[in-house]
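Since the structure comes first, as structure tokens, the remarks are kept for the end.
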Amino acid sequence: MSKQLSKGEISPYSQLDQVDWLIPAFTSLLSEQGYSPASISGKINIIRNFSLWSMKRRLKVYELDQHSIKLFFVEQPRAGYDRRGELATLYSLLDWLQEFGHIQLPSPDTHDTELNGIMRGFSRYLEDERGLSRATVSTYIPLVRNFLSELFGSGHISLNKSDASFVTQFVLRHARTMSTSRAQLMTTSLRGFFRFLCVRGDISFELAASVPTVASWRLSEIPKSLSPEEVERVLQSCDRDTAIGKRDYATLLLLARLGLRAGEIVAMTLDDMNWDAGVLTLHGKGARKAQLPMPNDVGEAIALYLRQGRPICKTRSMFIRSRAPYQGFSSSVAIVDIVRRSLAKAGLNPIRKGAHLLRHSLATKMLERGACLAEIREILRHSTINTTEIYAKVDLVALSGLAQPWPGGDA
């Protein structure tokens with residue numbers, strides 16, 4: 001019987017062709033991730049082919065890396081990984097071998113190590129000192145990383161040499177290619193990063209002041225929304241006889257009935273539902289939490305999805321990908337995609353197609369039915385009434401009652 005390797009144990013004599021310990025364990029992993037038997041069979045076949053190739057080249061397990069995978073496809077062009085996903089399979093195999101210590105990670109590039117170290121420190125600062133949520137931090141990091149990569153290239157990162165003129169030019173250059181909200185996020189990220197550098201002592205001057213302000217006229221635009229009839233068309237576009245339809249319907253109800261943000265749905269876990277009390281706990285911006293009563297139709301839709309639509313998996317995330325590997329949504333983009341697909345099925349083509357469309361629609365309906373701005377603020381969980389004031393522009397009926405006749409016009 002072949003020796004079974006445990007986590008953290010590296011065998012210097014093992015070759016990938018020793019499938020008696022490699023294949024069963026990796027097959028079990030694929031099964032846990034929700035892959036079908038047919039998919040698992042295809043993935044194991046490519047691993048066996050890779051095994052035979054590595055054996056011919058006398059490669060040991062601990063010598064495998066991304067370079068050997070690329071070389072395999074160069075020498076085995078008939079593998080056709082672009083069509084069947086074999087490249088992703090072998091990269092998953094590498095990740096698994098690295099996790100369990102069967103292969104060593106390659107020595108990282110010095111520049112990448114330095115950059116990653118700075119980003120880890122910035123992430124901890126945002127979470128611990130600023131109290132931002134991980135979801136918010138994940139939006140800051142790529143923007144700052146892009147700034148540092150453009151400033152220092154692949155060379156040594158000298159933070160004390162950051163130049164105010166470069167900061168200004170960087171913002172002006174990239175803001176032209178972004179939406180206003182995205183550009184504002186970029187400037188907020190950079191200001192936070194420069195304050196972090198001051199706190200840590202990497203720079204001795206206030207570089208945050210050199211970040212230009214992105215102009216945005218407050219309350220300059222009426223929020224885009226759907227009529228109640230159009231919202232119902234979107235909801236009815238879901239085929240609730242399918243698992244995906246059950247998931248999408250529950251997701252859309254959370255947006256339409258409770259005005260949730262996309263990020264709040266992504267962050268939802270099974271532990272956030274209090275079925276006895278009929279209350280849903282939300283993880284909002286920063287470290288804020290909120291509890292909302294669950295309408296009956298929302299609770300029924302979620303319960304139906306959990307019983308009949310949600311794949312069996314270990315993750316505690318509420319909503320799960322429809323295809324393996326079964327795991328929670330990685331970002332708000334998945335929620336936006338659900339909204340866009342549903343709008344298309346409903347035959348609607350509004351200017352804005354994001355998840356906030358249903359949130360705005362809820363606020364507009366509340367306003368038309370006589371809700372005051374304070375009530376809307378409470379439902380949408382705005383931190384200040386100033387954010388809610390944009391909906392005052394929608395209340396055209398109430399505003400018309402305050403309008404005075406135009407001099408010389410009809411009475």
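No lab work stands behind these numbers, since they all come straight from the coordinates. Here the structure is a predicted model, which means the values were calculated and not measured. For neighbour counting, all protein chains shown are included, and Cβ atoms are generated from backbone atoms with ideal geometry for every residue, glycine included.
Taking the stretch 282-329, which chymotrypsin sites (Phe, Trp or Tyr not before Pro) meet the DSSP loop condition and have no more than 12 other C-beta atoms within 10 Å? Mind dumping the intermediate values first?
Values: sites: Tyr305, Phe319, Tyr326, Phe329; in loops: Phe319, Tyr326, Phe329.
Listed in order of number, the matching sites amount to none.
Multiply the residue gap between Asn49 and Ser31 by 0.36 nm, knock off their C-alpha separation, and tell me the result in nm, one decimal place.
On the way: separation 18, 0.36 × 18 = 6.48 nm, distance 2.03 nm.
Extra length from Asn49 to Ser31 when fully extended: 4.4 nm.
If you take every residue apart from Ser31 with its C-beta less than 13 Å away from the C-beta of Ser31, what net charge results, scoring Lys and Arg +1 and Asp and Glu -1?
Counting the neighbours of Ser31, the net charge comes to +1.
Once you have a ≥ b ≥ c as the square roots of the Cα gyration tensor eigenvalues for the stretch 110-210, tell me rounded if a/c is under 1.5, and otherwise prolate or oblate according to whether a/b is larger than b/c.
Note, shape of the stretch 110-210 comes out rounded.
Which loop-located trypsin sites (Lys or Arg not before Pro) does the stretch 151-199 contain, where loop means any DSSP state but H, G, I, E or B and the Cβ has at most 13 other Cβ atoms within 10 Å?
Within the stretch 151-199, the qualifying trypsin sites (Lys or Arg not before Pro) (loop, at most 13 other Cβ atoms within 10 Å) are Arg176.
Tell me the net charge near Leu226. Cut-off is 12 Å between Cβ atoms, Leu226 excluded, with +1 for each Lys or Arg and -1 for each Asp or Glu.
+3
Would you mind computing, in nm to one decimal, how far apart the modelled labels at Glu150 and Gln291 are, each placed 7 Å from Cα along Cα→Cβ?
4.6 nm
How far is it, in nm, from the label point at Val279 to the one at Ala209 when both lie 7 Å from their Cα along the line to the Cβ?
4.7 nm
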